[in-house]
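Colleague: Structure provided below as structure tokens; questions to follow.
Throughout, read-outs are computed from the coordinates displayed, never taken from laboratory work. Note that the structure is a prediction, hence the values are computed from the model and not measured. When we count neighbours, we look across all protein chains shown, and the Cβ atoms used for this are built from the backbone with ideal geometry, even at glycine.
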Amino acid sequence: MEGQFETEDGAPLRIGGIPDVASRTTRYAIEVPKGLSLLAHHDPDARVQGLAAFPRDEWPDPVPVHLAFQAMVAGGTAMALLSVAAAWLFWKKREGLFGRRFLIAVALCGPVGLLCVEAGWGVTEMGRQPWAIRGIMRTAEAVTPVGGLLLPFAFFSLLYLGLGAASVWLLRREVGASPFFPAGSRAADPHGTEGKE
């Protein structure tokens with residue numbers, strides 16, 4: 001995740017960057033001296049074991065793992081900063097919580113949260129390669145030999161599509177009834193019933 005190829009005492013924390021497997025370095029990263037040792041072991045001079053300490057055929061691909069981890073951390077940091085801004089606005093100027101800019105930032109953080117979840121899933125699944133159970137079973141050996149999985153896959157796909165459609169319908173109804181939309185707007189009256197008897 002951190003792009004740490006060599007075992008090192010006082011290992012730096014890398015922000016950003018792209019791991020280069022051939023040269024065993026993480027290019028373009030901003031390095032915080034001793035940050036990884038401090039984060040991993042609560043000791044700035046602690047030894048951090050690098051990928052090179054393991055056989056090459058047991059490495060996950062460090063590029064997508066590192067990039068997914070950095071995306072997850074960046075998204076989480078953005079949401080944490082928005083929370084700090086919300087707390088400051090609540091304390092100083094509560095009407096700022098309903099300002100256009102702040103509400104747009106909150107709306108944008110919804111997808112950011114989902115992207116963080118997906119990036120974290122990517123880190124987990126790609127980062128454990130090539131093992132399903134470390135030292136016991138490789139992922140290539142864990143693929144199910146069971147056939148006939150098309151029917152359950154289709155069933156659950158349709159189920160989730162139906163749940164998604166129901167969620168969109170319910171959210172539209174709730175937003176349409178919201179006091180934030182001006183009277184007479186399409187959003188305020190999604191069924192066009194206003195003015196009808």
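Colleague: If r is the Cβ-Cβ distance from Val175 to Val63 and R0 is 45 Å, what FRET efficiency results, to the nearest 0.05?
Modeller: 0.65
Colleague: Counting only Cα atoms, I'd like the Rg/Rh figure for the stretch 24-64, Kirkwood definition for Rh.
Modeller: Using only Cα positions, Rg/Rh for the stretch 24-64 is 1.01.
Colleague: Another question, then. For the stretch 1-53, rounded, prolate or oblate, judged on the Cα gyration tensor with a ≥ b ≥ c (square roots of eigenvalues), a/c < 1.5 rounded, else prolate if a/b > b/c?
Modeller: oblate
Colleague: What shape does the stretch 21-108 take by its C-alpha gyration tensor, where a ≥ b ≥ c are the square roots of the eigenvalues and a/c under 1.5 counts as rounded, a/b above b/c as prolate, and the rest as oblate?
Modeller: It is prolate, given that a/c is not under 1.5 and a/b is the larger ratio.
Colleague: Restricting to Cα pairs below 8 Å that are 6+ residues apart, what does the relative contact order work out to for the chain? Please round to a whole percent.
Modeller: 15
Colleague: When a/c is below 1.5 the answer is rounded, else prolate if a/b is larger than b/c, else oblate, so apply that to the chain with a ≥ b ≥ c taken from the square roots of the Cα gyration tensor eigenvalues.
Modeller: Taking the square roots of the gyration eigenvalues as a ≥ b ≥ c, the chain is oblate.
Colleague: Another question, if that's okay. Hey, what angle do you get for helix 150-176 against the long axis of the chain, alpha-carbon based, 0 to 90 degrees rounded to 10?
Modeller: So the helix axis and the longest Cα principal axis differ by about 50 degrees.
Colleague: How big is the stretch 59-143 in terms of Cα radius of gyration and Dmax, in angstroms?
Modeller: 18.6, 58
Colleague: Between His41 and Val106, what FRET efficiency follows from the Cβ-Cβ distance if R0 is 35 Å, with the result rounded to 0.05?
Modeller: 0.45
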